[in-house]
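S.K.: There's a structure below that I have some questions on.
What follows draws every value from the coordinates through simple rules; no lab data is involved. Since we're looking at a predicted model, the values are computed, not measured. A quick note on method: Cβ atoms are made from the backbone with ideal geometry, for glycine too, and the neighbour counts reach across all protein chains shown.
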Amino acid sequence: MDAGEALLLLLLIPGAAMLLTILVPSRHANVVRWIALITTTATLIDSIWIFAVYDFAQGGYQFDLQYPWIENIGFLGENGISLHLAVDGIAAPMVLLNGLVGFAGVLVSWKITHRVKDFFILFMALFTGVYGVYIGQDLFFWFFAYELAVLPMYLLIVIWGSTNKEYGAMKLTMVLVGGSVLIFVGIFAVFAEAGAGTFDMAVLRDIEFGRGFANTFFPFFMIGCGVLAGLFPFHTWSPDGHVAAPTAVSMLHAGVLMKLGAFGIIRLGMEILPAGTDFWMPVLLVLGGVAAVYGAISAIHQTDLKFVIGYSSVSHMGFVLMGLGTMNNIGVNGAVLQMFSHGVMTALFFAMVGGLYDQAHTRDIRVFGGLVRKMPLFVIFFGIAGLTSLGLPGLSGFVAEFHIFVGTIDTFPLFAALGILSAALTAIYVLRLMGRAALGPFNPRWENLKDLSRWEIAAAIVLIAPIIAMGIWPDPFIDRIAPTVAELPNIDQIGGLFTLSSLTGR
Amino acid sequence: MDLEYQLIIPEFVMAGLAVVIIAAALAFRNVDQKWFGYATAVGLAIIAIVTAVAYWNTNDDFGTVLAVDHFTVLFRVFFLGIAFFTVLAAVQFAGDRLKNHAEFYGLIVFATLGMMLLAASRELLTAYLSLELLSFSFYILVGFNKLNPFSNEGSLKYMLLGAFSSALMLYGISLIYGVTGTTTYSAIGPDVVEGTRNIAAQLASFAGGSGGVDPDGARPGLLIGLVLITAGLGFKVSAVPFHQWTPDAYQGAPLPITAFLSAGGKAAAFAFFLRLFSEAFLPAAAEWVWFVAILAAVTMIVGNLMALQQTNFKRLMAYSSISQVGYLLVGIVALDAANITQSQDAASALVLHLIGYVTTNIAVFAAIIAFYNRTGRDDIVDLRGLAERQPFLAFAIAAALFSLAGMPLFAGFATKFIIFQAAFNNGFLWLGAIGVTASFVSLYYYLMVIKQMYLYEPEGSDRERFHVSRPLAGALVVLVAGVLFIGLYPTPLFDVIHSSTEGLFEQAAALSAAVVGQ
């Protein structure tokens, strides 16, 4: 497939929408909302198309598109800095994920009434930045997009957020930008060491970096990106940030932005500096395992719904990092599946919590009870998210976590046990939450609650569809992810699971 | 000697413009004073355009004192642009709060003339005189708000420390002259090569224990002169530890002059710095590079840490500009005697960052001037609720501050990326790492300002929305567009800059070829 313009559209459509929104007078809030909805619909269609058309039999990078930006000046050689876009089997599901979550995010943001125009301008900047990271193939633009995805968070949280928002926003921004300082230094070190005069990842991937160099600079990428993925012990920004953020931003943030971190470890760390993986990946696995258990235990103690989900995100991202740390095809495969699965699941969680909070103005689990009487749809959707989270077979979480545990057992059996323990802990807090808030005796204080609005129902359906699809028929995902993972450098092959290729004996 | 006077017509015209503006005020006493401002702005714009068109392909010397090459022309146009935007932003401010407008604009033009000559100088005394023309204009301009004690204090401090730094620099120049017998850059260059080679030989003979000190050989005077000139320049660009005058002068000066000082003053000093160090001192790079590297590191660290504690916006910008000087010094550090290509990259990166920084800084100040025109206040907390009262100003300030912090979409991201890259390429990984970390710290205090504008509701008695005067709003739109353009597509600008820095290294290239040949 060679239709790179489809990728360019992913950046141009929201970019253009941003400019268009700036021109709309701020009193026409509905115009702004419709622009956002049409934009995200278009990008969703484009994302689905890219995901569907990605040729998994061929594998590798596809939709290649390259425009030189600065070249042949001074230290920059040919294609020194270029707008280079491409997706591989790992990026394709991520693009789809961003399309889904962005679309659902606009739907649940429909009820925002305070400074609507500014909200959607920043939302589009964030959205564009995330796409840029998933499809970027040039370190300059990759980093550009990475920062662009982080930057609007501050204003989004400070203006539209709740609960301790100044603190949460500043902490989130400073920790994430602090992480990107490491990435920045790492990028320059790689550029200088390679001496190829280009920031093009396609070129840098082919250069073999020495073991010493790779061991020195791998942690710059691992920790720098890992911060965004909630790497223990740099995860504390995540619950605070999620709680403070407005609903749609929590969705995008936990759903998509945290995945940028894990994705960055694959793109920059595993692909460019494979020689560093031998030493550092076990470290990542241990830290991921700790985060998985620690996040789950912390979640049990929380009384604020968003904190529960915030810590559950830390725990689930811990699974992702564990999966990456296994460095075998099944574990990494599972990590990518988990990135997708957790993305839609947690977006669904936050969408539901937002729907409840806007009416109840509290998120304290202890005061809720018997919500199923007033909000049956809410309980159903929230329940689906919860069951996905604890890994119920038939939903996407099971497929992903199963891969991760199988991969981990092969390399570090002890940590597989830890992972399974934390999945059990997840069951505790999810079921307790459901039992307390959704079922249980009805608290008459909530007599006036209404069920979800149609915008929220639409958002929930958009997010539930892939959860179920991946749960019962994961092949379309695995077909794309597995061959790409198998081609990553230094990956152990321990056979295939559920893949078409394993069935056909290829 | 035949001097080609046509080469420096723009400078003559500038001097004429300044005199005409001041004289016109005597002749037309009843004219609304703002027309002097607009006349100056139009004059500057015309000179800028004509200079750009007429001199673009010139590459010639005016005697041995001035060079009119790409570099000069680029900086001429750049300085004229800075002055143009400053004057445009100053008109309403001056009308409301200052007297003697014609002198005000005339001095701005004189300062600009000093900058233009400074960038063109290739002889130490000419450079010194240009620098003094610039500095004297600034001493007066900083104290222009006669009845304001802050303005007086700032001016006095600036003048005393400025005189001190000039003395340092003159002493350095005299030492260089004493050792080399010349003050032209091109003649100093080869002597520097010899001087440093003698030092190397001296050290080698020490190491071998084969002889004593050769009285003619080492020429320590050269090094001392170099250090003194660097220190003097450090004062002028306000590098730490020579920065003490900066916050007071910035706070005391009328706002448009703060803008002009932080943009034009720095740009001119760096043009001088760059030309001097690349044409005259480059062969001795191994001797001074550590000195400048430490200066850069300390400047970045101290500037940013001090900025964290500020409550006044002008003082915040003073420390922020100090930290920016640190980033610019990184460009000087990345000059490499052994590698002319690398040196030229570093010079281009420096100029690119300079242009990006100046555009951004003028944008911040233009917006703050618009705010000050309405409110008369300049503390950070006074910006509360600006996003409600004047969304465009708030957006312009936020965009510019994000640019200063090096965030994507805006100029700072691309230019910092390129300037740190130059340092990394020259092996200064630690310096680049300090720079990136410092700019990460700077994000915190810029965010604190942005938070005031966007998070809080307007406070105090004046909460209405307000309008910005048209010329100022127009200038601001152009500046913000410039910041975005440099951030998103710096390629054409970088191309122009790269072709203009080539001339700086012609001699160094020839010298290093000769050294290799021996």
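S.K.: So what's the gap between the Cα centers of the range B:305-342 and the range B:124-153, to the nearest angstrom?
M.R.: First find each Cα centre; the distance between them is then 22 Å.
S.K.: Let me ask something else about it. Find how many whole Å separate the alpha carbon centroid of the range B:345-419 from the alpha carbon centroid of the range A:127-170.
M.R.: Measuring centre to centre over Cα atoms gives 20 Å.
S.K.: Which entries in B:K146/B:K236; B:K146/B:K451; B:K157/B:K451; A:K306/A:K374; B:K99/B:K451; A:K171/A:K306 show an alpha-carbon gap greater than 26 Å?
M.R.: B:K146/B:K451; B:K157/B:K451; B:K99/B:K451
S.K.: I've got another one for you. How about the range A:379-478: which trypsin sites (Lys or Arg not before Pro) there lie in a loop by DSSP and see at most 11 other Cβ atoms within 10 Å? Provide the component values of the computation, followed by the final result.
M.R.: Numbers: sites: A:R432, A:R436, A:R445, A:K450, A:R454; in loops: A:K450.
Listed in order of number, the matching sites are A:K450.
S.K.: Let me ask something else about it. Contour minus end-to-end for B:V42 and B:Y5, with contour as 0.36 nm per residue of separation and end-to-end as the Cα-Cα distance? List each step's numbers first, then the result.
M.R.: Details: separation 37, 0.36 × 37 = 13.32 nm, distance 2.45 nm.
This chain segment gains 10.9 nm when fully extended.
S.K.: Let me ask something additional. Just add up the charged neighbours of B:F395: K/R +1, D/E -1, any other residue whose Cβ is under 15 Å from the Cβ of B:F395.
M.R.: Values: positive: A:R115, A:K117, B:R389, B:K451, B:R465; negative: A:D118, B:E388.
Net charge around B:F395: +3.
S.K.: Along the range B:70-75, what does the Karplus equation 6.51 cos²θ - 1.76 cosθ + 1.60 (θ = phi - 60°) give for ³J(HN,Hα), rounded to whole Hz, x for Gly and Pro?
M.R.: 3, 4, 4, 5, 4, 6
S.K.: Now a separate question. Averaged over A:67-76, how many beta carbons belonging to a partner chain fall within 10 Å of each residue's beta carbon?
M.R.: 6
S.K.: What is the gain in length, in nm to one decimal, between A:V53 and A:A469 on full extension, counting 0.36 nm per residue of separation less the C-alpha to C-alpha distance?
M.R.: 148.0 nm
S.K.: With r defined as the distance between the Cβ atoms of B:A167 and A:I22 and R0 fixed at 60 Å, what FRET efficiency is calculated, to the nearest 0.05?
M.R.: 0.70
S.K.: As a test of the formula, what do you get for chain B when each DSSP H run with n ≥ 4 contributes -39,500 (n - 2.57) and the sum is divided by the residue count, at 222 nm and rounded to the nearest 500 deg cm²/dmol? Don't jump to the answer; show the numbers that get you there.
M.R.: Details: 21 runs with 392 residues, N = 518.
Result for chain B: -26000 deg cm²/dmol, rounded to the nearest 500.
S.K.: With everything on Cα atoms, drop me the angle between helix B:34-55 and the longest principal axis of chain B, reported from 0 to 90° to the nearest 10.
M.R.: 40 degrees
S.K.: When the expected Rg is taken as 2.2 N^0.38 Å, what fraction or multiple of it is the alpha-carbon Rg of chain A?
M.R.: 0.91
S.K.: Where the centroid of each part is defined by its Cα atoms, how far is the range B:235-266 from the range A:437-454 in Å?
M.R.: About 62 Å separates the Cα centre of the range B:235-266 from the one of the range A:437-454.
S.K.: Give a residue-ordered list of calculated ³J(HN,Hα) values for the range B:336-346 (Karplus: 6.51 cos²θ - 1.76 cosθ + 1.60, θ = phi - 60°; whole Hz; x for Gly, Pro).
M.R.: Each residue's phi maps through the Karplus curve to give 9, 4, 7, 9, 5, 4, 4, 4, 5, 4, 5 Hz.
S.K.: Hey, another quick one. Please give me, ordered by residue number, the trypsin sites (Lys or Arg not before Pro) of the range B:412-482 that lie in loop per DSSP and have at most 16 other Cβ atoms within 10 Å.
M.R.: Of the trypsin sites (Lys or Arg not before Pro), the ones in loops of the range B:412-482 whose Cβ has at most 16 other Cβ atoms within 10 Å are B:R463, B:R465.
S.K.: I would also like to ask the following. For the range B:483-488, take each phi angle, set θ = phi - 60°, evaluate the Karplus expression 6.51 cos²θ - 1.76 cosθ + 1.60, and give the result in whole Hz per residue in order, putting x for glycine and proline.
M.R.: With coefficients 6.51, -1.76 and 1.60, one gets 4, 5, 5, 4, x, 9 Hz.
S.K.: Using amide H atoms built in the peptide plane, which far-off residues or other-chain residues are under 5 Å from A:I494 H to H?
M.R.: A:N329, A:I330
S.K.: Something else: Any idea what % of Cα-Cα pairs in the range A:154-253 are farther than 20 Å?
M.R.: Roughly 48 percent, rounded to a whole number.
S.K.: Return the long-range amide H neighbours of B:V68 (sequence gap of 5 or more, or a different chain), with a cut-off of under 5 Å between placed amide H atoms.
M.R.: B:D60, B:D61, B:F62
S.K.: Express in nm, to one decimal, how much length is gained between A:S453 and A:L392 on full extension, taking 0.36 nm for each residue of separation and deducting their alpha carbon distance.
M.R.: The A:S453-A:L392 span can extend by a further 19.2 nm.
S.K.: Something else: Mind pulling the angle between the C-alpha long axis of helix A:454-472 and the longest principal axis of chain A? Nearest 10 degrees, somewhere in 0 to 90.
M.R.: 50 degrees
S.K.: Next question, about the same structure. At each listed q (0.07, 0.09, 0.10 Å⁻¹), what is the log10 of I(q)/I(0) that the Debye formula gives for the protein assembly as shown modelled as equal alpha-carbon point scatterers?
M.R.: -0.65, -0.99, -1.15
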